[in-house]
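*Asks:* Here it is, the structure in full.
The values are calculated or read from the model by the stated rules, or taken from the named source; none is laboratory data. Quantities reported herein were computed from a predicted structural model and do not represent experimental measurements. Glycine gets a Cβ as well: all are built from the backbone with ideal geometry, and neighbour counts include every protein chain shown. Surface areas here come from the heavy atoms of the whole protein model, side chains and all, with no ligands, DNA or RNA. Shrake-Rupley method; radii C 1.70, N 1.55, O 1.52, S 1.80 Å.
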Amino acid sequence: MKKILTIMMIVMAVALSACHQDNDDYMTQATIYLDGGDTLTIKRVQAMAQITNLNTRHVVTTADFDGPKVQIELLRGAYQVNIEGILSYTDANGVQSLRSFRAISDYVELAGAGACEAKLNIIFLD
Amino acid sequence: MAIDTDSAYVYRHSLWRHTTEEALKNPALMTGAYLEPFTELSLNCAYRHQSSAFRLEQGTGYLIPELTARSYIRLTPSSVVWGEAGYSKGDTYNKVYNNVADFDLLYPDVIADSLGGDTKRERYLFSGGYATEKGVWLLGGELKFRAEQEYRTYDPRMRSVVSDLTLKAGAARKIGGYHMGLSFEGNIYRQTADVDFYGESNGTGELQMTGLGTSYVRFSGSNRYIFYEGKGGGVTLDLLPVSGCGWRAHLSYAQHQYERLSDEYNSLPLTTLYRQQLGLTVGWEQQTNNAEKALLLHADYDKRTSDEHVVGTATGQDYPILTDLTMYKQHHWDVAAETLYGRGDWHLMLRVGYLNHREQYVYVERKMEYARVYGELTAQWLKEVSSNLRLNLYAKGGYAGNIDSKIVMPYANMTASIKDYVNYTYKYQKASYAQAQTGVRADYQPLSWTVGVFGQLATAWQFCSVGEREANLKISLGIIF
Amino acid sequence: MKKNLFLSMMLMAVSTVFVSCSKDDSPYVVENGTVTIEMPINVSDVVLTSFEGTATNVSSGEITNLPTPVKSGDNYVITIPSITEGKYNLSAKGNISFVKDGVAGTTDFEVSSSDVALNEQSTAVKLVVSSFKAEGSFVFSEICTTGTLTPQNKNYNYDAYFVITNNSDVVLYADSVALIESMFQSGSSGKQDWNPDVRPYAIPAGAVFMIPGSGKDHPVAPGESIVIANNAMDHRTVNENSYDLTGADFEVYLDNAGNSMDTDYDTPNLDYYFCYTQTIWLPSVQQNRSYAIARIKENKETFLANHSETPTYTATTGKLMESKQVQIPNEWVLDAVNLSTEDDFGWFVISETLDAGWVAGRANSKDTTQRGTAIKRKKDSTGKYVDTNNSTNDMEARQTPSMKK
């Protein structure tokens, strides 16, 4: 009797341990950097970043730029990023300029567990 | 002989069978399933009509005629063989947001649209098993196969083809006055689900639903050919008294997964549904010469989760999967107590329980929850009118009252049609239901006949607190020998 | 024993009912949550003149009106006294006034942000108004100084006019915008070695007439224009082939106490700042002077005191030649167009940074075919005027004058 009970307990334990674990790692802290090239040092960015999840088409917006980068918590996945606004920078000679810019990418992978990064190139509009 | 036949008849039809239903899932325990062998051939017709769909995805009713054959044969005093075959072909009405067969198995990972319509359903069922007694050991095996086709003859033309195979193997051992059983089950499942539009202007997009009104937007639209690959297994443990007096326990665990893949995207897996079912029954039963009583406590837990495969950008025909996220979760609890009491021709069963259902979509958060307390009372009268004619009459009444409900939805970001869909579903989930059922079966076999005939008429009603109702009718005619 | 067992089992069943019941916490209320509206950094003196904003709770649909923003540094901050935690769709619209390149302007704005979380951990939200591009400014869309021919084939030179258009997306104010004619002419004979050569930092100007106003008196909507006529009369009464300029917004009137031979018509006058002639001014019929518009940043007295250098050069005869003129600093200039005859472009009479090319208004000094035509600025596919600061690319000569009826 005892033997049978033990066997049964083991069987149940094995069965339960084969349980599918939920994949609970949903969010990632994404940092998006604006890259103006080696010659530019970006001082201040004033722009609205529109981040669209490619699979769900859910749009998240943020304007919280800290220098050339913006941090936002996102659902892990692939995104389209669209940033448009004004930024101030100093060039290699130390001359400060204020210009309109756009930075877009149709595919950015922001799927790393915990934190991830992406870099976008700047196109000046004037 | 009459008494034997009578006992066999009672054994086969009595409400008391309810106590052994769960244990009979173990094929090894089928050796004692029936007192006498029998074969039954019947023609049935089932009809349901709801004044307004209680569940949009299942439609407002059906009309399904069916031909079934069931048999239980004793090969030797210590071994039995049983089998069932069936063919049905019928119609289901007004299914919306559901373009697959086996919705109950696969939801929420279905392909759907808001148009819907009537469907035609055809099903072949075959099952067979063998069990034998060797000393203190019982051994058995069973095979079940189902092939089903469901389709619609106008736009949106859905067409699903299902094949479902289950294999079971079980063993039991006699220990003292009890049987202790263990069985294993394995299942393979396949379904192809296509939706076509013949009219150019009717080409609305198909949604790949992912739970609580959400859909996998990127692969919804023109993606209309999907297929499911499923597999799973389960194990059951049983303890039952040999004599009919004593403790009874049943523990079952099953795990299934169903992967939804897209034909048009190079067999890309979109979502995988995981289902875990845990059931526990503990009880006590006693049979004496004039009475039988039992008390059973049930606890059932059903967990359903859907993993979305987050797809990256394609290089050629290859779509990489970036990660899997469990976006949809559902927990369903059903805890109940059942008492059965039988004396002479009468049986009474009372079931009182609590049911709790919680569904959640993780981001952007959606929740739908409800809890009910329910009670059901069934009365059965098995009457031998004469030596040729036996009657089985039953009536059942019940009420499931809602005690708690909750909904969280990002309404501001939902389209009007999905908002209506979700609110409609919730309206029926948080409602209370009253049910009433009654039926009669008559078996007629004069002593001179080798074959008996039977007829069955059953009706069932459900009344929903939102003001709608459901009517069911089932008619069967058949022969038995 | 059995009875007790029975009872205890029932109790167990019943107790699970109560254990499974969930308790709802009452939702957290965010006190003094802030929404910061960041104003565009590429314009100055931004003032929020009107505002309307809402926060819509995504789950419940409840709409909270946002209170009026309060200026805090360069931005505006809205403090919401209390709001239930949750996800919100924010939307704000209003009107701001600002100063860009010295020109005052106003614009409507609309910003929104969806699914913004307001809860215990996140009580501050930011919205950025950069949804309008403060690009573009006033430009010359038409320069019509060719004069006309009378039916008797005589020259008629009094019907010159200029059209200045707001080529941006925002309302700009034309107050203090001045019409300027270059002192020097672009033919080779006009080229001299003036000292000092003011062109690197200013326009050597022969005529400066300014649109009056206190700063917000003359708004020009995006795409709209102002017509400045030399003489705002219906010239068709004296010359059939000419134009009716009574509809002009401003006219040039030499208001110099007695010496003027100019007629003051009903149309509002431009403020007279400077002109090389005291009697009557005729814009370049020869098509060899440059025209510019600039935002005057000083009052008349201060301007004349600070910007009235007199460049000189020594002629071959030995005589010291003087140019009595005023200078318009290049930073004040909004638009400039170089005109020349096709056969004789001698030099750039203003800095090449203001206009790197020139438009041929006339074939040669004997040409009369250009009379009755105008120089117009090209438009791009979006309907905006092309302004690459190069008149060779941007302007087209011999177009039909817009005032021709």
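*Asks:* In segment C:164-180, how many residues are under 12 Å from C:Y291 (Cβ atoms) and open to solvent by 10 Å² or more (accessible area, probe 1.4 Å)?
*Replies:* Number satisfying all stated conditions: 0.
*Asks:* Just one of A:Q50, A:Q80 is within 11 Å of chain C (Cβ to nearest Cβ), open to solvent by 30 Å² or more (accessible area, probe 1.4 Å) and under 25 Å from B:R218 (Cβ atoms); which is it?
*Replies:* Every option except A:Q50 fails the conditions.
*Asks:* Condition (residue is modelled with pLDDT under 85, surrounded by fewer than 17 Cβ atoms within 10 Å (Cβ to Cβ) and within 14 Å of chain B (Cβ to nearest Cβ)) applied to segment C:89-111: is it met by at least one residue?
*Replies:* Within segment C:89-111, none of the residues are modelled with pLDDT under 85, surrounded by fewer than 17 Cβ atoms within 10 Å (Cβ to Cβ) and within 14 Å of chain B (Cβ to nearest Cβ).
*Asks:* Select the strands (runs of 3 or more DSSP E) contained entirely in segment B:162-252, then report the ones holding at least 1 residues which are within 24 Å of the chain's Cα centre (by Cα) and surrounded by fewer than 20 Cβ atoms within 10 Å (Cβ to Cβ).
*Replies:* Those strands (runs of 3 or more DSSP E) span B:178-196, B:225-241.
*Asks:* Considering (1) in contact with a helix residue (DSSP H, G or I) (Cβ under 8 Å, 6 or more places away or on another chain); (2) crowded, with 19+ Cβ neighbours inside 10 Å, say which one C:D335 fails and leave the rest.
*Replies:* Just one mismatch for C:D335, condition (1).
*Asks:* Restricting to segment C:161-198, name every residue that is of a type in the set (A, V, I, L, M) and closer than 14 Å to C:I226 by Cα.
*Replies:* Correct list: C:V163, C:I164, C:V171, C:L172, C:A174, C:V177, C:A178, C:L179.
*Asks:* Also, quick follow-up: What's the total number of residues in segment B:360-393 that are open to solvent by 50 Å² or more (accessible area, probe 1.4 Å), hydrophobic (A, V, I, L, M, F, W, C) and within 11 Å of chain C (Cβ to nearest Cβ)?
*Replies:* Residues flagged as open to solvent by 50 Å² or more (accessible area, probe 1.4 Å), hydrophobic (A, V, I, L, M, F, W, C) and within 11 Å of chain C (Cβ to nearest Cβ) within segment B:360-393 amount to 1.
*Asks:* Still on this structure, please answer the following. Could you look through segment B:341-359, keep only residues that are in contact (Cβ under 8 Å) with a residue 60 or more places away in the chain and within 20 Å of B:I407 (Cα to Cα), and pick out the one that is surrounded by the most Cβ atoms within 10 Å (Cβ to Cβ)?
*Replies:* Applying the filter and picking the extreme gives B:E359.
*Asks:* Then there is this: Which of (1) out of contact with any helix residue (DSSP H, G or I) (no Cβ under 6 Å at 6 or more places or on another chain); (2) open to solvent by 50 Å² or more (accessible area, probe 1.4 Å); (3) within 14 Å of chain C (Cβ to nearest Cβ) does A:R57 not meet, given it meets every other one?
*Replies:* (1)
*Asks:* Do we find a residue being over 30 Å from B:T119 (Cα atoms), of a type in the set (S, T, Y), in contact (Cβ under 8 Å) with a residue 40 or more places away in the chain and in contact with a strand residue (DSSP E or B) (Cβ under 8 Å, 6 or more places away or on another chain) anywhere in segment B:27-34?
*Replies:* Yes; the residues of segment B:27-34 include at least one that is over 30 Å from B:T119 (Cα atoms), of a type in the set (S, T, Y), in contact (Cβ under 8 Å) with a residue 40 or more places away in the chain and in contact with a strand residue (DSSP E or B) (Cβ under 8 Å, 6 or more places away or on another chain).
*Asks:* Provide a single number: the residues in segment C:56-88 that are within 14 Å of another protein chain (Cβ to nearest Cβ), assigned to a loop (DSSP other than H, G, I, E, B) and within 30 Å of C:R295 (Cβ to Cβ).
*Replies:* So the answer is 2.
Yes/no per residue for (1) closer than 21 Å to C:V326 by Cβ; (2) surrounded by fewer than 22 Cβ atoms within 10 Å (Cβ to Cβ):
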{"position": "C:V198", "(1), (2)": "yes, no"}
{"position": "C:M210", "(1), (2)": "yes, no"}
{"position": "C:P222", "(1), (2)": "no, yes"}
{"position": "C:N241", "(1), (2)": "no, yes"}
{"position": "C:A248", "(1), (2)": "no, no"}
{"position": "C:D264", "(1), (2)": "no, yes"}
{"position": "C:T279", "(1), (2)": "yes, yes"}
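*Asks:* Evaluate the following for C:T302: is it part of a loop (DSSP other than H, G, I, E, B) and free of Cβ contacts under 8 Å to residues at least 24 places away in the same chain?
*Replies:* no
*Asks:* Go through segment B:65-118 and give me each residue that's over 21 Å from the mean Cα position of the chain (by Cα) and among the hydroxyl-bearing types (S, T, Y).
*Replies:* B:S71, B:Y72, B:T76, B:S78, B:S79, B:S114 - these are the residues of segment B:65-118 that are over 21 Å from the mean Cα position of the chain (by Cα) and among the hydroxyl-bearing types (S, T, Y).
*Asks:* Can you report the number of residues in segment B:20-67 which are closer than 20 Å to B:V80 by Cβ and either of a type in the set (V, I, T) or assigned to a helix (DSSP H, G or I) (or both)?
*Replies:* So the count comes out to 11.
*Asks:* Tell me, which residue of segment B:216-229 that is touching a residue at least 60 places away in the same chain (Cβ under 8 Å) and of a type outside the set (A, V, I, L, M, F, W, C) is farthest from B:M414 (Cα to Cα)?
*Replies:* Out of the qualifying residues, it is B:Y228.
*Asks:* Can you pull out the residues in segment B:70-95 that are open to solvent by 30 Å² or more (accessible area, probe 1.4 Å) and not polar (S, T, N, Q)?
*Replies:* Of everything in segment B:70-95, those that are open to solvent by 30 Å² or more (accessible area, probe 1.4 Å) and not polar (S, T, N, Q) turn out to be B:R70, B:I73, B:R74, B:L75, B:P77, B:V81, B:E84, B:A85, B:Y87, B:K89, B:D91, B:Y93.
*Asks:* Exactly one of (1) part of a strand (DSSP E or B); (2) open to solvent by less than 30 Å² (accessible area, probe 1.4 Å) is unmet by B:T459. Its number?
*Replies:* Unmet for B:T459, out of (1) part of a strand (DSSP E or B); (2) open to solvent by less than 30 Å² (accessible area, probe 1.4 Å): (2).
*Asks:* Conditions: (1) under 30 Å from C:F348 (Cβ atoms); (2) surrounded by fewer than 20 Cβ atoms within 10 Å (Cβ to Cβ). C:Q185 meets all but one. Number of the miss?
*Replies:* Tallying (1) under 30 Å from C:F348 (Cβ atoms); (2) surrounded by fewer than 20 Cβ atoms within 10 Å (Cβ to Cβ), C:Q185 fails exactly one: (2).
*Asks:* Would you pick out the residues in segment B:462-474 that are assigned to a loop (DSSP other than H, G, I, E, B) and open to solvent by less than 60 Å² (accessible area, probe 1.4 Å)?
*Replies:* If the condition is that a residue be assigned to a loop (DSSP other than H, G, I, E, B) and open to solvent by less than 60 Å² (accessible area, probe 1.4 Å), then B:V466, B:G467, B:E468 are the ones that fit.
*Asks:* Checking B:N402 against (1) open to solvent by 30 Å² or more (accessible area, probe 1.4 Å); (2) away from chain C (no Cβ under 14 Å), only one condition comes out false. Which one?
*Replies:* (2)
*Asks:* Okay, next question. Of these, C:A92, C:A104, C:A55, which one is farther than 21 Å from A:D64 by Cβ and among the hydrophobic types (A, V, I, L, M, F, W, C)?
*Replies:* Exactly one of C:A92, C:A104, C:A55 is farther than 21 Å from A:D64 by Cβ and among the hydrophobic types (A, V, I, L, M, F, W, C), namely C:A104.
*Asks:* Please specify each residue of segment B:405-441 satisfying the condition of being open to solvent by less than 60 Å² (accessible area, probe 1.4 Å), assigned to a loop (DSSP other than H, G, I, E, B) and away from every other protein chain (no Cβ under 11 Å).
*Replies:* The answer is B:A431, B:S432.
*Asks:* Kindly evaluate C:D193 against the criterion of being more than 29 Å from C:K404 (Cβ to Cβ), open to solvent by less than 20 Å² (accessible area, probe 1.4 Å) and among the charged types (D, E, K, R).
*Replies:* no
*Asks:* What's the total number of residues in segment C:250-262 that are modelled with pLDDT under 90 and either on the phi < 0 side of the Ramachandran plot or surrounded by 22 or more Cβ atoms within 10 Å (Cβ to Cβ) (or both)?
*Replies:* 8
*Asks:* Here are some residues: C:N230, C:N239, C:N195, C:N167. Which one is in contact with an Asp or Glu (Cβ under 8 Å, 6 or more places away or on another chain) and more than 17 Å from C:I143 (Cα to Cα)?
*Replies:* Result: C:N239 is the single residue among C:N230, C:N239, C:N195, C:N167 that is in contact with an Asp or Glu (Cβ under 8 Å, 6 or more places away or on another chain) and more than 17 Å from C:I143 (Cα to Cα).
*Asks:* Mind listing just one residue for me: the one in segment A:83-120 that is within 14 Å of chain C (Cβ to nearest Cβ) and of a type in the set (V, I, T) and, of those, farthest from the chain's Cα centre (by Cα)?
*Replies:* My answer is A:I86.
*Asks:* Please determine, by comparing only the residues of segment B:307-330 that are under 14 Å from A:V108 (Cα atoms) and part of a loop (DSSP other than H, G, I, E, B), which one is least open to solvent (accessible area, probe 1.4 Å).
*Replies:* Filtering segment B:307-330 for residues that are under 14 Å from A:V108 (Cα atoms) and part of a loop (DSSP other than H, G, I, E, B), the one least open to solvent (accessible area, probe 1.4 Å) comes out as B:G312.
*Asks:* Name the single residue that is surrounded by the most Cβ atoms within 10 Å (Cβ to Cβ) among those in segment C:66-76 being of a type outside the set (D, E) and farther than 15 Å from C:E31 by Cα.
*Replies:* Among those that are of a type outside the set (D, E) and farther than 15 Å from C:E31 by Cα, it is C:Y76.
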